[in-house]
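Heads up, the thing below is written out as structure tokens.
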Amino acid sequence: MEARLVVRECGERDVDALERQLPTGLNHYHAARYRRQCEGFSTFLVAYRGEVVVGSGEILWQGAKEPEVRERFPDCPEINGLAVVPDHQSQGVGTAIIRAAEELAARRGAQRIGMGVGGDNDRAEALYLRLGYADTGCRYLDRYQNVDAAGKRHDIADPCRFLVKPLTPAR
């Protein structure tokens, strides 16, 4: 019998487990997401199957980090950094994290929730569309820095589309 999938808010002890399963190297993305959660800017969700971390995602309560997206979609929290351990993909993990994020956002009174999808990520886009997200026509560059194993910084600009889903008010 397969262990039950559980999605919950990330705790401090989860950061190392996330780094082992979804390594970010010198970028320390999991620690940064946990820090934003502690500061009240986000909720960092972690998915476990039994005792094993299988995925994560963050809800940015102030919306997308890109100003052009935030301007077009004010008061729209964004699901960001959705990641599933490769051996656990296509097993409902991403869907469970997205649904947990939607429920949290609805409980906080959000009318809608959004997420970006990379122009070359057809698989993720198909999932998001299947879950009720719609392409808004908003195109932007997701700009960030990545530090490679040698410690060299790289400026990245990924072309993305912003998708939005209306939320049903929480009861």
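Things worth noting here:
- Å² per residue, accessible surface of segment 43-98 at 1.4 Å: 41
- Linear extension gain, Ala126 paired with Val147, 0.36 nm per residue minus alpha-carbon span: 4.6 nm
- Amide H contacts under 5 Å for Leu167, placed H, 5+ residues apart: Arg112, Ile113
- When +1 charges are put on Lys and Arg Cβ atoms and -1 charges on Asp and Glu Cβ atoms, the dipole computed for the chain relative to its Cα centre reaches about 400 debye.
- Using a probe radius of 1.4 angstrom, the carbon and sulfur fraction of the accessible surface of segment 126-171 is 52%.
- Checking every one of the GluC sites (Glu not before Pro) in segment 1-72 against DSSP loop status and a limit of 14 other Cβ atoms within 10 Å picks out Glu2, Glu12, Glu39, Glu51.
- Cα gyration tensor shape for segment 1-44, rounded if a/c is under 1.5, else prolate or oblate: oblate
- Estimated FRET transfer efficiency (Glu51, Gln89; beta-carbon r; R0 25 Å; 0.05): 0.85
- Fully extended contour minus Cα-Cα distance, from Gln62 to Cys38, at 0.36 nm per residue: 7.2 nm
- Modelled spin labels at Glu19 and His154, positioned 7 Å past Cα toward Cβ, are 2.1 nm from each other.
- Each helix, a run of at least 4 DSSP H residues, gives -39500 (n - 2.57); summed and divided by the residues of the chain, these come to -8000 deg cm²/dmol at 222 nm.
- When you filter the trypsin sites (Lys or Arg not before Pro) in segment 1-70 for DSSP loop state and at most 15 other Cβ atoms inside 10 Å of their Cβ, you are left with Arg4, Arg13, Lys65.
- With K and R counted +1 and D and E -1, the other residues having a Cβ less than 13 Å from that of Glu102 yield a net charge of +3.
- Computing percent of Cα pairs over 28 Å apart directly from the structure and comparing it against (i) 31; (ii) 22; (iii) 19 singles out (iii).
The values are calculated or read from the model by the stated rules, or taken from the named source; none is laboratory data. Fair warning: this is a prediction, and the values are worked out from it, not measured in the lab. As a convention, Cβ positions derive from the backbone with ideal geometry for all residues, glycine included, and neighbour counts pool all protein chains shown. The protein model used for the area step is the full one, side chains on, heavy atoms only, and it has no ligands, DNA or RNA in it. Shrake-Rupley method; radii C 1.70, N 1.55, O 1.52, S 1.80 Å.
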